[in-house]
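Enquirer: Right, I'll just put the structure down here and ask away after.
Please treat every number below as a calculation from the coordinates, not as lab data. Note that this is a predicted model, so its numbers are computed, not measured. Here Cβ is always computed from backbone atoms with ideal geometry, including for glycine, and neighbour counts include all displayed protein chains.
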Amino acid sequence: MIGQQHIVPPVAHVAHASGAHFAFTDRWGGVSAAPYAELNLGGAVGDDPAAVRTNRERAAEALGLDPASVVWMNQVHGKDVAVVDGPWQTGEIPAVDAVVTARRGLALAVLTADCTPVLLADPVAGIAGAAHAGRPGLVAGVVPALVEEMLRLGAEPGRIVARIGPSVCGLCYEVPEAMRAEVAEAVPEAWATTRRGTPAVDVAAGVEAQLGRAGVTVDGRSPVCTLESADHFSYRRERTTGRLASYVWLGGSA
């Protein structure tokens with residue numbers, strides 16, 4: 001998070017002993033007005049573009065990153081993965097839900113407001129990856145596709161450090177029974193029930209299971225449910241709202 005005291009070093013920034021860095025924002029410390037207050041980092045939700053630019057600059061600078069060198073995605077709830085070695089040129093951001101880089105120091109970012117951000121890094125191989133996993137992406141297999149691309153570039157499953165960021169929890173993500181059945185057919189571990197006993201989906205649990213089947217152990221999964229937390233944006237709670245960001249990068253020169 002950037003912090004309710006406004007632009008302090010993010011307390012949700014974790015530097016792994018091996019040199020992998022992970023960071024997750026909350027909604028505080030930015031300049032956006034309601035309903036995007038305050039630290040909206042999403043550029044396609046109706047917020048003032050100037051406010052979004054300022055917010056992205058503040059978040060990056062709080063993390064010690066160059067704002068111009070953060071790689072964002074045009075997320076479409078699919079499974080396509082892009083390999084990147086630098087930030088996109090203006091107007092060329094592709095429609096993908098996962099990115100991979102072999103360039104140290106290059107930060108990859110995921111935007112969410114209930115979906116599950118997945119951050120991976122193999123510090124030995126110098127490979128980092130990030131994925132946006134909503135319910136459709138979970139079923140499509142965006143996370144296994146991300147791991148596969150990282151392995152193709154030289155990563156090894158047993159070395160990958162994996163973090164799962166804030167998302168709507170399985171006790172809150174209510175869906176129709178038929179939808180739960182469809183998701184569970186693809187990823188059984190995502191089957192869930194709300195506190196009221198109604199059908200639900202646990203996307204984060206499904207992602208963790210997919211990573212496990214790929215040989216990747218999750219060593220950090222956020223306890224935050226975005227729908228329940230007033231400190232985080234939630235599309236299911238607010239509909240018109242901002243977006244959180246999750247970042248991963250490896251120490252070293254970009």
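Every residue, every condition in (1) in contact with a helix residue (DSSP H, G or I) (Cβ under 8 Å, 6 or more places away or on another chain); (2) farther than 19 Å from VAL139 by Cβ; (3) touching a residue at least 12 places away in the same chain (Cβ under 8 Å); (4) buried (at least 24 other Cβ atoms within 10 Å of the Cβ), yes or no:
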position	(1), (2), (3), (4)
SER167	yes, no, yes, yes
LEU171	no, yes, yes, no
ASP202	yes, no, yes, yes
SER229	no, yes, yes, no
LEU244	no, yes, yes, yes
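Enquirer: Applying the selection to segment 205-227, what residues are in contact (Cβ under 8 Å) with a residue 60 or more places away in the chain and of a type in the set (Ser, Thr, Tyr)?
Expert: SER222, THR226
Enquirer: Oh, and also: How many residues, within segment 19-34, are surrounded by 22 or more Cβ atoms within 10 Å (Cβ to Cβ) and aromatic (Phe, Trp, Tyr)?
Expert: Summing the residues that are surrounded by 22 or more Cβ atoms within 10 Å (Cβ to Cβ) and aromatic (Phe, Trp, Tyr) in segment 19-34 gives 2.
Enquirer: Starting from segment 19-30, keep only residues that are over 11 Å from GLY242 (Cβ atoms) and in contact (Cβ under 8 Å) with a residue 40 or more places away in the chain, then list their pairs with residues that are part of a strand (DSSP E or B) and β-branched (Val, Ile, Thr) whose Cβ atoms are within a distance under 6 Å, requiring at least 6 positions of separation or different chains.
Expert: ALA20/VAL161; PHE22/VAL14; PHE22/VAL248
Enquirer: Go through segment 134-154 and count every residue that is touching a Gly at 6+ places or on another chain (Cβ under 8 Å) and closer than 21 Å to GLU174 by Cα.
Expert: 4
Enquirer: Just a yes or no: is a residue in segment 85-100 among the acidic types (Asp, Glu), touching a Gly at 6+ places or on another chain (Cβ under 6 Å) and surrounded by 23 or more Cβ atoms within 10 Å (Cβ to Cβ)?
Expert: So far as segment 85-100 goes, yes, one or more of its residues are among the acidic types (Asp, Glu), touching a Gly at 6+ places or on another chain (Cβ under 6 Å) and surrounded by 23 or more Cβ atoms within 10 Å (Cβ to Cβ).
Enquirer: Go through the residues of segment 179-198 one by one and say whether even a single one is of a type in the set (Val, Ile, Thr) and under 28 Å from ALA37 (Cα atoms).
Expert: No: segment 179-198 contains no residue that is of a type in the set (Val, Ile, Thr) and under 28 Å from ALA37 (Cα atoms).
Enquirer: Moving on. Condition (residue is touching a Lys or Arg at 6+ places or on another chain (Cβ under 7 Å), of a type outside the set (Ser, Thr, Tyr) and within 30 Å of GLY197 (Cα to Cα)) applied to segment 159-169: is it met by at least one residue?
Expert: Yes, segment 159-169 contains a residue that is touching a Lys or Arg at 6+ places or on another chain (Cβ under 7 Å), of a type outside the set (Ser, Thr, Tyr) and within 30 Å of GLY197 (Cα to Cα).
Enquirer: Looking at segment 16-36, which of its residues are small (Gly, Ala, Ser) and either farther than 20 Å from SER167 by Cβ or assigned to a loop (DSSP other than H, G, I, E, B) (or both)?
Expert: If the condition is that a residue be small (Gly, Ala, Ser) and either farther than 20 Å from SER167 by Cβ or assigned to a loop (DSSP other than H, G, I, E, B) (or both), then ALA17, SER18, GLY19, ALA20, GLY29, GLY30, SER32, ALA33, ALA34 are the ones that fit.
Enquirer: Mind counting the residues in segment 173-200 that are surrounded by fewer than 19 Cβ atoms within 10 Å (Cβ to Cβ) and among the hydrophobic types (A, V, I, L, M, F, W, C)?
Expert: Qualifying residue count for the region: 7.
Enquirer: Looking at the structure I just gave you, is THR116 within 30 Å of GLU189 (Cα to Cα) and under 12 Å from the mean Cα position of the chain (by Cα)?
Expert: Considered against the rule, which asks whether it is within 30 Å of GLU189 (Cα to Cα) and under 12 Å from the mean Cα position of the chain (by Cα), THR116 comes out as yes.
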